[in-house]
Every structure is written in structure tokens, then in C-alpha cells.
């Protein structure tokens, strides 16, 4: 049997849900009015020839502003975004260096959908919040505190600041931790958290309190309660302690990480160092008030935070080297600026992309603020990166459109020159993909990597299992179409935090040699109507993670494939993982799990017991393959 890898070509390969209770529930999703800025100028660092304009959806706070004013702005922002899962508003709230909140007036606020909270310091310690920055469960019953969970708390970002937890005056439960109850497309980066505990679940409401995965990098953290989080990656960080693990908890280069010697009890996977990492670029204000972008360097075999001994290693680019784009800017203008050698800063908003944004020059930086979103129009490929080294794309969401795109983000050509660099890999950080949800979406492939030496540092590639398009689950199968989530044809590709869900054939196809994945999370599609719709030739279903038949070297640390065939619980998938039988292909700590419907017959290549409805929520583990 064969599987398309890109552009209609065929190459030999070999065959792919997890419970997200509440995602399919009808949620009240209302568009909200814009939040007013607090009146601070965005022009504190005017570049030569003009004022820096980051657009109407970026708010910059100054420590001289009254705490009450900042609090009111952030409270209004959360009220507008807390239920706006499928909305179009995007926001970034940025804090200039200094201290916000005090023992008398702590600054405590919550973060809603499509919201970025970030410090503008050169180091995380340059911006200090005395208080809390939190995400709570969403409670789905009449605005009360019952039927509460975090399974759809997506699309939000917290980075580059210090939080000194201050719970004074809160009730007993809320005072017990800084809560960050989230699921996919959420990152915490460059944080210094102290003064209390951090909880990745919200245990202060009525259940089920489920949460479904996230990502921490380059952070120094207190004791962390994982709680109900089903899967999580913590990379290059420092933790004072960690408790609990549901299915799949991975630590890579983390000082203080728990030992994994008794896997799967608890289900920890621990790597002493991270083989390849590059921290996400970040905007900061220097000592003269000028806006700059720090672009961290790629590093190998590292452990702990990048900023422990000073500024994160890398290069600094002045904001004047960037074209600061707004959703109203045509792609032709963006491409013209890129062709002149400028980098690209995408301000918050939704960009309709009818022709590709083309990144052709080595070392180009594409940085999105506030979950800037590129939506394909007329079957376009929204972002196309050439076969050149050192490109960094970060903080961007890419949506499929009504007409089918061949791919949503492509890195390199199938038969390109492979002008890559092992020391300077093209890097994708917090780049997210969506097929369906807010509108009809169609694509053949979401993310296609053809270049060698590429680093994927946290992505969620999602064919929507729910949305506001107005379809039944059966209709969604034939309307919101996405065949392949991630297709990797390049060699020496590394993925740290690869979350891929619900695609209609293979969710991930890895055809390149010498690939490495550190944490893989996959949910098979909920919505195949019949077994005949979910067949790979004469094989039942498609594996959630497929390593191509000709691959000779590949490594996976910590992987899970989940099944929830709610349209037809009788559907079977033969294997969660399929890989070639060769000594150089090694899988460590992998599992399948049934979320109440359907069956995965084996974990990998016929090995492992069925994940069926006799063991709902109980993972089937294979510690290593081959044994």
C-alpha cells in the first residue's frame, strides 16, 4: 500500500483520538467588542523616519500606569475573549520593563482566547508581575460552576516575564496556586515563577476538570501540579518539583525533572538534555527605549534555561529591519519587503492570503504577535519557505479556507537544492494549523517539510472536530477535509512538541531519515462514517504516526495515539504507530488509549493489546520498540 506524501506523488509508506469531552458540545460562541487600550503610546521607541505602529490590537503597559487601570483593561479583555473560541479578534498585551502590582494592590488577571501576554524585557526578570496570570476551566452549564473543564482552552501565549505569586485575599482554593488550565496551541516560555505553586489544571470547580496538553520552555518554575493534564512537554527548564501524570508527560533538558525509571508508573519520559533547541524570538525594549527583536541561536545537547548566565545567546535585530504588517496589507507588499531583505512582524489580526507569502532569503524572521492568523483564500499556500538555512517562523496560526489548498505551510521543495544548515536550522516555533472550526476548511496537507535540518518547536496541527460551520459530525467528514497533518520528507528534522489531530489519512508521515520527535500527541479522527471510509487499502485505518518504509534511522520519545470514533464506535484502526522493522528506528514510551468509542487493535506493528471499550481511559503502553 502507498500513501501520498506531497503534490500527488506516491512513495512507499506503511497506516492513525483521545477524549475531548465537551469539544463537541454546543458552546455559546459570541463575537465581542474590541477592548480599549489604556492610553499608553505605542511610540515609545520611534524608529528613524516615523513612529512604530503595532496596530490597534496591541496594548503596551508602562509600570508608571496605575495598577487599577491595567487591571480594568485586562479584565475587560478576558471578558471579551473567554468564550470567543471561534472568533476573529486577536490581541497582544505587552509590558515594558518594570514592576506591576504590589502587596497592597496585586495584579491578578486571566487570559482568554487569541491573547498574548508578554514582557518587553531583554530577560524574563526585567518585567515582574506581583499577582497572578491565570486560565481557569470553562464551565458549560448556564454560567455556573458545574461541568467544568479545560479541554478547549486553546490559543493563548504567556512569555518573557516573572510572576511573583500573590494570592492575598483570594478564597482558600483559588489561593492555593497560579492556575494555568489549558490544552493545545498554548505555550509558556521564558518565565520565572515564584512565591507559590503552579497548577496545570483547575481543581477549584466541579468536574470533570479535564485538561489536554501544553508546552513549557525556557522557564524557571516552582512546584508544578500536573493534575488532569493528559500530555505535556516541558523543555529546557528548571522545576522545584512535579506531581501527577495522566498518560504522557515528557521532560527534555529539565533541571529537577522526575526520574522515568519506573515508566509507566508514573508515565514520565525524561531526557537529560535536549538534542536540538532554539528558543522563540521575542520583542524587547532596550535601555534607550528602542524596540528590538532577539533571535536566539540554535543549540545542541542543552539543559536548563537559556538566560541563567545573561542574555539568551543569539542575535539582536532592530525593529527597523522588520516590515510591520497589518491585516489590510496586500501580500504583494509583504513579499516586496521580504525581497528587499526585511524581516516580517505580523501584528494581531486575521490576514486573508490569496497568494503565498514567500520567504526566500536565509535567516529571515517571521514573527507573529497575538496569534496573527493567515487564512488561505482560493486554495493558496499561505506560507512558503524556500530551501535556505536559518529561517525562523514563530507565533503564527494558519487556517485552511473554503477551496482546497495543496498545503498550508511548505518548507522547501520536494526536489530542491537542500541548502540547509545543521548549525542553523530553519525553525518553526508556536506555529499552529486549523482545518475547519470558524469556517469551512480544506487542505491536502497542513504542514510539509521538504528541507533537511528543520526544527519544529511546538506545533498543533488540527483538523477541527467541532466548530460553528453548522454541520453534523457526519457532514464534517466530507466538508472540512484534511488528508495529512504533517508530512516530513527532509532528513535530520527534529520536532519538540508535535501535536497532530483528526486528519483523514495519516496524521503524521515521516519519510526523511535521522528524524527525532520528543513528545507526540495524536487523536485519530472522530468522524469517519463507516469502516469503508477508514480503510488504507485492505488495512483497517491509518496509523496516527507513520514512519516511511525506507527510513533507516528515526527516534521517538514519548508518543500517544487516542481513539474516539463517535460517529461509528464499531470502527477499528489496526495500529497506532507503524514503523519499518529496522534496528535504527527506535520508539521509547509509546501508548494508545480508548476514549469511549472505536478500537485501536495494537500499539505498534501488531504489538500491544487492543485499546478498546473494555479499558476506557486506561492506556496500553509499549515501553520500547523494538523491545
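The values are calculated or read from the model by the stated rules, or taken from the named source; none is laboratory data. Keep in mind it's a predicted model, so treat the numbers as computed, not measured. Don't worry about glycine lacking a Cβ; one is built from the backbone with ideal geometry, like all the others, and counts go over all protein chains shown.
Here is how the numbers come out for the structure above:
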{"quantity": "Those residues of the stretch 516-545 which are crowded, with 24+ Cβ neighbours inside 10 Å and either assigned by TED's automatic domain parsing to the domain that holds residue 231 or within 21 Å of the chain's Cα centre (by Cα) (or both), in sequence order", "calculated": "517, 518, 519, 520, 521, 522, 523, 524, 525, 526, 544, 545"}
{"quantity": "Residue within the stretch 397-411 that is at positive phi and touching a strand residue (DSSP E or B) at 6+ places or on another chain (Cβ under 8 Å) present", "calculated": "no"}
{"quantity": "Residue match in the stretch 412-422 (condition: within 20 Å of residue 277 (Cα to Cα), assigned to a strand (DSSP E or B) and not assigned by TED's automatic domain parsing to the domain that holds residue 159)", "calculated": "no"}
{"quantity": "So residue 374, is it at pLDDT 95 or above, within 23 Å of residue 490 (Cβ to Cβ) and not assigned by TED's automatic domain parsing to the domain that holds residue 452", "calculated": "no"}
{"quantity": "Within the stretch 166-284, strands (runs of 3 or more DSSP E) holding 1 or more residues that are surrounded by fewer than 24 Cβ atoms within 10 Å (Cβ to Cβ)", "calculated": "186-194, 220-225, 238-243, 268-271, 274-277"}
{"quantity": "Test: residue in the stretch 524-534 that is part of a strand (DSSP E or B), under 22 Å from residue 607 (Cβ atoms) and either modelled with pLDDT of 95 or more or in contact with a helix residue (DSSP H, G or I) (Cβ under 8 Å, 6 or more places away or on another chain) (or both)", "calculated": "no"}
{"quantity": "Options 390, 395, 482: the member that is assigned by TED's automatic domain parsing to the domain that holds residue 358, more than 20 Å from residue 509 (Cα to Cα) and not in a loop (DSSP other than H, G, I, E, B)", "calculated": "395"}
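Yes or no, residue by residue, for (1) modelled with pLDDT of 95 or more; (2) surrounded by 15 or more Cβ atoms within 10 Å (Cβ to Cβ):
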site: 295; (1), (2): yes, yes
site: 298; (1), (2): yes, yes
site: 301; (1), (2): yes, no
site: 305; (1), (2): yes, yes
site: 309; (1), (2): no, no
site: 314; (1), (2): yes, yes
site: 327; (1), (2): yes, yes
site: 332; (1), (2): yes, no
